[in-house]
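No lab work stands behind these numbers, since they all come straight from the coordinates. From a predicted model like this one, the values you see are computed outputs, not experimental measurements. Cβ placement follows ideal geometry from the backbone for every residue including glycine, while neighbour counts extend to all protein chains displayed.
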Amino acid sequence: MTGKLDLIYEKLYKHFGPQHWWPADSAFEVIVGAILTQNTNWSNVRKALNNLKKHKLLKPEKLYRISQKRLAALIRSAGYFNIKAKRLKTFLNFLFQSYQGSLKKMSGIDTGILRQQLLSVNGIGPETADSILLYALNKPVFVVDTYTKRILLRHCLIKENARYEDIQDFFMKNLKRDAKLFNEYHAILVRLGKEICIKKKPRCEICALKNYK
């Protein structure tokens, strides 16, 4: 399987080029974006992030101090703003209670232990936790999303009932554990899923993997 995954990556990277993902000015911005992007599109998340920047609040200590009600109003464009404000506050409570608000201290924890801690935070599931680990903290953890599963299914590389952990293991056991590689690989799979491997009408005739075997 290692050869197959390498070939897929080579074809997609050649076709799409580097994705420079996750777009952010800081690790904290990545974390906030990872929580806000749940059940919405990135353009709405970007508006919310820009609004927080406009008010000079996109720092752990500042968001920690403001009320949940004010935070909800500031991130309204991200949708489900009351729920997401609560989730952000819950994460911030975890960050300050466990690591004195320091992302540097949090980053120094063993990846497996930190992943379990993040998953224990209400509102943070596997995809969000792994996005934080990979994109914010540069940990070699592969992120799985609906695009990833759809593409692998269409190429008969996984089964329909494959769980998140099964798909993640598929990548992590067959690729070099490298954060930069995982970053680019996941990003180009998302690009492929959004533009070519569309849910209802896949554009197979122009797909970079159309001759993949």
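Below are the figures for this structure:
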| item | result |
| --- | --- |
| Compactness relative to 2.2 N^0.38 Å, alpha carbon Rg of the range 150-213 | 1.17 |
| All-pairs Cα distance distribution in the range 16-121, expressed in whole percent, bin size 5 Å | 2, 12, 23, 25, 19, 13, 6, 1, 0 |
| Among the listed pairs LYS104/LYS194; LYS89/LYS176; LYS104/LYS199; LYS53/LYS180; LYS89/LYS199, those beyond 31 Å (Cα-Cα) | LYS104/LYS194; LYS89/LYS176; LYS104/LYS199; LYS89/LYS199 |
| Environment charge of PRO126, counting only residues whose C-beta is closer than 9 Å and scoring Lys/Arg +1, Asp/Glu -1 | -2 |
| Phi-based couplings in Hz for the range 71-77 (Karplus 6.51, -1.76, 1.60; Gly and Pro marked x) | 4, 4, 5, 6, 9, 3, 5 |
| Angstrom value of the Kirkwood radius, inverse mean 1/r, which spans all Cα pairs in the chain | 18.2 |
| For the range 61-108 versus the range 163-188, the gap between their alpha-carbon centres in whole angstrom | 28 |
| Using alpha-carbon coordinates, inclination of helix 27-36 to the longest axis of the chain, degrees | 80 |
| The range 93-189: GluC sites (Glu not before Pro) falling in loop per DSSP and having at most 10 other Cβ within 10 Å | GLU160 |
